[in-house]
2 protein chains.
Amino acid sequence: MAKAVLTPQAENFPAWYQDVVARAELAENGPARGTMVIRPWGYAIWELMQADMDRRIKATGAQNVAFPMFIPMSFLEKEKEHVEGFSPELAVVTHGGGQELTEPLVVRPTSETVINHYFARWVQSHRDLPMMLNLWNNVVRWELRPRLFLRTTEFLWQEGHTVHPTYAEAVEETARMLEVYRRFMAETLAISVVVGEKSPGERFAGADHTFTCEALMRDGKALQMGTSHNLGHNFARAFDIRYLDADGERRHAATTSWGTSTRMIGGMIMVHGDDHGLRLPPAIAPHQVVVLQLGDEDEVAAAAGRIAAELRGAGVRVHVDARTHTSFGRRSVDWELKGVPVRIELGARELAAGRATIVRRDDRSRTGAPLDGAARAAAGLLDEIQAALLAQSRAFREEHTHPVTDLAALTDGVRRGGLFRAAWSGAEGSEEALGAATGATIRCIVDDDPPAPACVVTGEPARYTVLIGRAY
Amino acid sequence: MAKAVLTPQAENFPAWYQDVVARAELAENGPARGTMVIRPWGYAIWELMQADMDRRIKATGAQNVAFPMFIPMSFLEKEKEHVEGFSPELAVVTHGGGQELTEPLVVRPTSETVINHYFARWVQSHRDLPMMLNLWNNVVRWELRPRLFLRTTEFLWQEGHTVHPTYAEAVEETARMLEVYRRFMAETLAISVVVGEKSPGERFAGADHTFTCEALMRDGKALQMGTSHNLGHNFARAFDIRYLDADGERRHAATTSWGTSTRMIGGMIMVHGDDHGLRLPPAIAPHQVVVLQLGDEDEVAAAAGRIAAELRGAGVRVHVDARTHTSFGRRSVDWELKGVPVRIELGARELAAGRATIVRRDDRSRTGAPLDGAARAAAGLLDEIQAALLAQSRAFREEHTHPVTDLAALTDGVRRGGLFRAAWSGAEGSEEALGAATGATIRCIVDDDPPAPACVVTGEPARYTVLIGRAY
């Protein structure tokens, strides 16, 4: 074998990640610090994720809209916690059309402030509720330590914003969207996530409650993959969103927001990828099957075309790689790097034998199939691969989730990686103490019932079960 | 009849436009000057336009990607004409993450400069060519006189960027995309446009040739609906995009760019709209058919449901309006305003008679149909309405396009509106003279052969046939 094209994961996981992002031609750094260029293969994955997520969001009754990316600074200042949370990360436009602006414009870090301004105008009566909007757009949060997909100054995402007549309905909406996200991650990204509530130190600026989907990467670090916020009456009060209820009384509404971003691509890479490159779940693979045509003979091209046509007819995204001037090894490595779930290899030798070779990307197994059954065999593998990736993701997370009861064991465990299930008091200052002692954070509260009587950090009476780990 | 909900077109066309954008709930002004909020109905139209255009663009071989919206000022300065053209319209970020930036960042007015920087890295050999990329994103051009959809500081669009080995292939690509746009406008937007080349005064900053699709609005003004630019070697030289050709020689590539935006929504409104509101071409109508349920009776609801299910089964986008607490008049007016192509009215009276009422939005005609044939009848009207709108758009443009041979007739004509076919010399200064004399501009050069020997502006020997008119 030629030497590895990627730094092995076990040797240096961050270097492996950088290598795979570059070699699979997913993305590159942009010219301005922290920005990102998403290349065709990376963007095609994002388009498939978007289409799937968009269907799920619309099925809840939300409608897509667009809001301006420039927000007057005064809007942000209306919700005190919100502006404090986001101020350090803002990009500010001070000049437009050759003039200095009288009021600086913020490039949206998230759109609560501008959307709630309009909610206050659009929501008049209880009959206008619920109002459920979703945006697909770009936002900017200044990043000091950018990493492609995981932390970029500008990123692409969807942000949902909803208004409800009662707090209880905002609670329901927050939970509903968390479940939409969890299912999307399981069913589409083949990633098994833990859902739970964020501790106060990790809560969205301005929210009463933030819920999260947390995934475990193959290096033992956690990644927050999506969040759903119950904003309670905070924004409704700051922006005066009130409605006339059925009894003729004016009441403050309750609002929520929820979002997922291109960061999920980073998670998908680090959950499924191996030392040979990406392993794409078939649901989001731009090519689900590649037919690798070996040799220029007319009969080979014709046979490759027939198999591709049959796959296409069955609704499979298929690509014929006819770059016969490029070596077989180079082409195989390329499609492995890019994570295409199934390859069909077909040349004169295979034609003569009446059998094609089918290669699975997930376990790299090779099998033969009769020529006229190759398309069916390849198509049949897609569900199997999707399920296998999800099962592996679940098994890995479960194997690397450990109960701990004392701070020494936790600190030691965190150093090796994984998630740690522990009792927590919820006492003020205990999150900071946890961070200082272990370098880890509470990823989420998974239960109101503690697994032990004493808090793992402070020894005080425990109130919650939490998952602790280092995170991206 | 109640009084008109919109200012009549004949009374005040700009007021009609503002009214219809507001009353059909398409869009509103954003809080920062010149920005725009696109509401669910407007955005659903945009999504349908995007999906259709995206299919057409991908069919040419282009792939979607994302580039950062922040561009270092130094990038813009690399192409001299380009920076001169865009400088007055730039929004500039001077602060990020609480610090003043060492180099200000421009919010992209268009992405040639950043994309060509990457083309120079990605294009190495003739085997890498053509390279064809497309972006769906937001751009910013400071607007002094903003109008929703037509001129907004931030707008949504697609911008295509391609690299070719030879100038001739860039010429071909520019023409190919112009034709993609022309067909999209005819087949999807039901708008008959004139295509032609822009005169130097209207050319894209940095292009050798700009081609345009020009539509005629119902007030007699023209609207540029999409453009395709042959950038020749200008950007390839500025950014050093070179490739090794088959003979082993390094050559400068040739590039193109092409774009269409949310401005097309404004054009669609002003081409098809009437005093009752929008008239949406079925191809981009979020609801192609609305079933107006009159009365709460179970049988009525069931019959409305059956008709809707049949339409849905036939691939029609259908919506049942069951807001029976709202008056029939109000609901009819709403769907007329929103431009839904076909309404089916169904109540206890219709059920008893065994017939539903079918109303076309385009000509407002009402016909009856047997209940079990109503869905088929409504579905059958969609192609007819799509064709009728296109035919009307073509007829209107042709009726309002006049030949002129002298400046006095042109000046007089321009005052009344329409397009004027005239002979033009192409002489320097003649475009400015035309503007000063008539308030109109050359919309495009439609022929290299002049219709008369003398230029309509200067009397000098003519070289071209041009279309002249006032424009948005």
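Taking the protein assembly as shown as the region of interest, the number of lysine pairs whose Cα atoms are within less than 23 Å, with members eight or more places apart or on different chains, is 8.
Spacing of the modelled spin labels on B:Ala353 and A:Ala301, each 7 Å from Cα toward Cβ, amounts to 6.4 nm. Copy-to-copy label distances for B:Pro403, where each label lies 7 Å from Cα along Cα-to-Cβ, are 9.4 nm in order of increasing length.
Taking a sphere under 10 Å around the Cβ of A:Trp136 and counting the other residues whose Cβ falls inside, with K and R at +1 and D and E at -1, yields a net charge of -3.
With θ taken as phi - 60° and the Karplus curve 6.51 cos²θ - 1.76 cosθ + 1.60 applied, the whole-hertz 3J(HN,Hα) list for the stretch B:115-121 is 5, 5, 4, 7, 3, 4, 7 Hz, x standing for glycine and proline.
Across all C-alpha atoms in the stretch B:401-469, the radius of gyration and Dmax reach 10.2, 27 Å.
Each Cα pair under 8 Å and six or more residues apart adds its separation to the average, and for the stretch A:401-469 the resulting relative contact order is 40 percent. Taking every residue in B:133-143 and counting other chain Cβ atoms within 10 Å of its Cβ, the average works out to 3. Mean partner shielding of peptide A:41-47, defined as the number of other chain Cβ atoms within 10 Å of each residue Cβ, is 3. Extension gain for B:Thr405-B:Arg312 works out to 28.0 nm (0.36 nm per residue, less the C-alpha to C-alpha distance). The mean number of partner chain beta-carbon atoms within 10 angstrom of a residue's beta-carbon across peptide A:100-110 is 3. Around the amide H of B:Thr166, modelled in the peptide plane, lie the amide H atoms of B:Ala254, all under 5 Å away and 5 or more residues distant in sequence or on another chain. Reported to the nearest whole Å, the Cα centre-to-centre distance from the stretch A:48-125 to the stretch B:194-242 is 33. Volume of the convex hull of the stretch A:185-322 (Cα atoms only), normalised per residue: 167 Å³.
Projecting label points 7 angstrom from Cα along Cα→Cβ for B:Thr102 and A:Ala391 puts them 5.4 nm apart. In this structure, the amide hydrogen of A:Gln63, modeled 1.01 Å from its nitrogen in the peptide plane, lies closer than 5 angstrom to those of A:Met132, A:Leu133, A:Asn134, counting only residues at least 5 positions away or on a different chain. Take A:Ala452, move 7 Å from Cα toward the beta carbon, and the resulting point lies 9.6 nm from the same point in each other copy, nearest first. Summarising the strand pairing of the stretch B:38-197, around 90 percent of its internal DSSP beta bridges are antiparallel.
Note that the stretch B:391-402 has calculated 3J(HN,Hα) couplings of 4, 5, 5, 5, 4, 4, 5, 5, 5, 9, 10, 10 Hz, one per residue in order, obtained from phi through the Karplus relation 6.51 cos²θ - 1.76 cosθ + 1.60 (θ = phi - 60°); glycine and proline are x. For the stretch A:257-290, the residues whose amide N sits under 16 Å from a probe point set 7 Å from the Cα of A:Glu89 along the beta carbon direction are A:257-264. Direction-averaged projected area, Cα convex hull, the protein assembly as shown: 43.7 nm², rounded to one decimal. For A:Leu346, the residues whose modelled amide H falls within less than 5 Å of its own, excluding neighbours fewer than 5 places apart on the same chain, are A:Leu292, A:Leu294.
Given a cut-off of under 8 Å on Cα pairs at least six residues apart, what relative contact order in percent is computed for chain A? 14 percent. Counting only Cβ charges, +1 for Lys and Arg and -1 for Asp and Glu, the dipole size of the protein assembly as shown around its Cα centre is about 740 debye. Classify chain B as rounded, prolate or oblate, taking a ≥ b ≥ c as the square roots of the eigenvalues of its Cα gyration tensor: rounded when a/c is under 1.5, otherwise prolate if a/b is larger than b/c and oblate if not. Prolate shape, in that a/c is at least 1.5 and a/b is the bigger ratio.
Where a number appears in this text, it was derived from the coordinates with a stated rule and is not lab data. Remember, it's a predicted structure, so these values are computed and weren't measured experimentally. All Cβ positions, glycine included, derive from the backbone under ideal geometry; neighbour counts span all protein chains shown.
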